[in-house]
Amino acid sequence: MEKPLTAMLQPDGQPLDMAGYERAGGYQALRKALTMQPEAITAEVKRSKLRGRGGGGFSTGRKWEAVPHDAPRPRYLVVNADEMEPGSFKDRLLLEQTPHQMIESVIISAFAIQAEIAYIFVRAEYVRSLSALARALAEAQARGYVGADILGSGFALTIHVHASGGRYICGESSALLTALEGRRPLPRSRPPRSAQSGLWGKPSVVNNVETLCCVPHIVERGADWFLGLSRCADGGTKLFGMSGRVKRPGLYELPLGTPLIEILEEHAAGMQDGYQCRAVLPGGASTAFVMREDFYVAMDYDAVKTVGSGLGTGNVMALDDRRCPIGLLRNLEHFFAQESCGWCTPCRDGLPWVERILAAIEAGEGEPEDIETLARHVDFLGPDFTFCDLAPGAMQPLGSGLKYFRAEFEQHVNEKRCPWHESAGGWA
């Protein structure tokens with residue numbers, strides 16, 4: 001099984017320096033890319049069916065194509081490395097241990113869209129990532145891979161590593177651009193799209209870390225090879241995370257379309273002794289629960305939708321039979337409530353209300369009508385009712401939780417207690 005994204009990881013967890021990266025084949029894809037027409041690179045990426053690995057799943061090639069040929073200068077490429085969603089930690093691995101892969105990916109992608117300036121927008125808490133990127137960028141500049149007239153090609157690129165001020169909303173692409181401009185990170189209305197008017201009103205492309213790290217491998221080995229890596233219609237491998245009470249939590253690079261049950265039982269080695277997996281959030285905190293009867297679903301963008309959820313970031317969170325689902329939901333909604341940017345009323349006021357109701361139910365203080373109030377919030381905070389996708393994402397686990405764990409909600413309300421807090425060997 002080929003694992004292009006993680007092939008260069010070192011046993012000690014330390015990143016390769018420039019010499020080691022070049023010995024392993026690093027920057028050969030860049031040399032090839034600079035001999036190609038930018039449009040040819042975009043066409044190959046589009047043919048590879050690379051889709052965004054940050055949660056949206058949009059075609060990378062189509063996103064690049066949206067930059068007009070006669071677009072004004074400068075153009076910007078922005079890497080979204082603001083990984084803050086609970087349960088998601090895949091980009092951190094790539095940034096910390098393969099920073100030169102990130103730098104090479106940025107250069108090739110910027111060349112494809114003819115961007116003169118690139119920003120790598122990193123979550124400030126990722127201190128090791130920022131340090132690794134700074135060292136790699138300095139080494140790349142010293143070798144002539146970044147700067148003016150890269151490798152004699154006539155292409156010039158400036159790369160900035162930007163430490164984000166924080167907030168989950170910065171992971172939303174337009175809010176990220178606003179934050180880069182030094183303003184309060186609020187989402188922007190569309191149109192125009194960022195490909196037409198993004199950072200400082202100029203054409204901009206925003207891509208996720210894992211997405212861009214696929215690009216050098218596509219350029220070097222071709223779209224057909226990339227398509228052959230997956231088990232579905234889309235191309236490539238995927239970094240799948242596994243958290244919860246499993247025996248081997250962590251990250252696994254596997255073919256896109258790998259069955260969920262294989263990730264859980266084989267790669268993560270199943271649940272810890274004494275625990276059973278009731279359900280999972282398959283793509284991080286803003287996806288709906290998938291129950292045991294659907295664990296055979298293929299983990300790809302289209303298949304996961306057929307069981308009522310989404311692939312999201314591909315970071316699987318396991319809910320075991322000794323964890324209170326209401327407590328889990330309360331914890332998630334607390335995060336989303338505190339991370340709301342406050343721009344629109346449903347999100348600003350609705351998410352704290354949801355958190356308070358869940359906290360009351362968990363504490364044994366809930367009322368029967370609270371369950372219906374939560375159900376109404378799932379509708380009122382859903383798509384088309386808020387300015388961006390933060391609140392609709394927060395409603396995904398809640399809506400599915402009300403569907404699948406209705407009996408547990410009613411038990412909390414009727415018995416005025418949380419059974420998990422009081423049961424032997426409980427999670428509290």
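The values are calculated or read from the model by the stated rules, or taken from the named source; none is laboratory data. In this text, all values refer to a predicted model and were calculated from it rather than measured experimentally. Positions of Cβ are backbone-derived with ideal geometry, glycine not excepted, and every protein chain shown enters the neighbour counts.
Laid out as a table, the results:
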item: Of all residues making up segment 52-95, the number that are closer than 21 Å to MET18 by Cα and surrounded by fewer than 21 Cβ atoms within 10 Å (Cβ to Cβ); result: 1
item: Selection within segment 219-255 - under 18 Å from LYS49 (Cα atoms), of a type in the set (Phe, Trp, Tyr) and touching a Ser or Thr at 6+ places or on another chain (Cβ under 8 Å); result: PHE226
item: Segment 393-416: number of residues that are assigned to a loop (DSSP other than H, G, I, E, B) and either hydrophobic (A, V, I, L, M, F, W, C) or in contact with a strand residue (DSSP E or B) (Cβ under 8 Å, 6 or more places away or on another chain) (or both); result: 1
item: Of residues in segment 13-51 being at pLDDT below 95 and buried (at least 19 other Cβ atoms within 10 Å of the Cβ), the one farthest from THR313 (Cα to Cα); result: LEU16
item: Condition check for ALA298: in contact with a helix residue (DSSP H, G or I) (Cβ under 7 Å, 6 or more places away or on another chain), at pLDDT 95 or above and of a type in the set (Gly, Ala, Ser); result: no
item: Of all residues in segment 220-234 being in contact (Cβ under 8 Å) with a residue 60 or more places away in the chain and acidic (Asp, Glu), the one that is farthest from VAL304 (Cα to Cα); result: GLU220
item: Pairs, first over 15 Å from GLU210 (Cβ atoms) in segment 70-82, second outside any strand (DSSP E or B) and of a type in the set (Val, Ile, Thr), C-beta under 8 Å, six or more apart; result: ARG75/VAL67; ARG75/ILE113; LEU77/VAL106; LEU77/ILE113
item: Residue among PRO383, PRO346 that alone is at pLDDT below 95, surrounded by 17 or more Cβ atoms within 10 Å (Cβ to Cβ) and either assigned to a strand (DSSP E or B) or not acidic (Asp, Glu) (or both); result: PRO346
item: Subset of segment 193-219 [out of contact with any Leu (no Cβ under 8 Å at 6 or more places or on another chain), part of a loop (DSSP other than H, G, I, E, B) and in contact (Cβ under 8 Å) with a residue 24 or more places away in the chain]; result: ARG193, ALA195, GLN196, LYS202, PRO203
item: Filter result for LEU95 (more than 17 Å from ASN208 (Cβ to Cβ) and under 22 Å from the mean Cα position of the chain (by Cα)); result: no
item: Cβ-Cβ under 8 Å pairs, at least 6 apart or on other chains, segment 157-179 side outside the structural domain of LEU390 (by TED's automatic domain parsing), far side of a type in the set (Phe, Trp, Tyr) and modelled with pLDDT under 90; result: none
item: Qualifying position, being hydrophobic (A, V, I, L, M, F, W, C) and either touching a strand residue (DSSP E or B) at 6+ places or on another chain (Cβ under 6 Å) or modelled with pLDDT under 95 (or both), among LEU93, LEU151; result: LEU93
item: Index of the failed condition, GLY165 passing every other in (1) surrounded by 18 or more Cβ atoms within 10 Å (Cβ to Cβ); (2) assigned to a loop (DSSP other than H, G, I, E, B); result: (1)
